[in-house]
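Just so it is clear, none of the values below were taken in a lab; they were calculated from the coordinates. Values in this document were obtained by computation on a predicted structure and should not be read as measured data. Counting neighbours? That spans all protein chains shown, and the Cβs are built from the backbone with ideal geometry, glycine included.
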Amino acid sequence: MNSLGNLVRNLTLAGLLLVVMAAPMATPALAHAIIVSSVPAAGATVAGPDIDLAITFNVRVDADRSKLTLTGPDGSSADIAILPNDSPAVLSGHLTGLKAGVYSVRWQVLATDGHITRGDVNFTVTP
């Protein structure tokens, strides 16, 4: 076998060896936090002026490092206090004094996989 053939064979073997050695170090990717359900539901119309909020995720989230923000029909935003609850996969709060219009709850959570994910739940309040 010529020297070029030996080089190709050695590089191929080295590559295979690296793959075999790295395989045990690979860990399966854990799922990012995604919403399983929310109250109010996305796109729902609810009666105000006071509503309970609950967002349920597919994994446990770190409530201390998570954030909920309410944006109202006039574009103003305010943080929502996250209330304690029994489920580590749920963030809950209580919204008061809501006027008629479209609202958005922006959520940002730290999931068990160590990743921060965020999204919005939009709903409409009627008087």
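At a glance:
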item: Added length on full extension, which subtracts the Cα-Cα distance from 0.36 nm per residue, V39 to S104; result: 22.2 nm
item: Cα-only radius of gyration and Dmax that characterise the stretch 35-126, units Å; result: 12.6, 38
item: Charge sum, other residues only, whose C-beta stays under 13 Å from V90's C-beta, Lys/Arg counted +1 and Asp/Glu -1; result: -2
item: Efficiency of FRET between A78 and D113 - r from beta-carbon atoms, R0 30 angstrom, step 0.05; result: 0.55
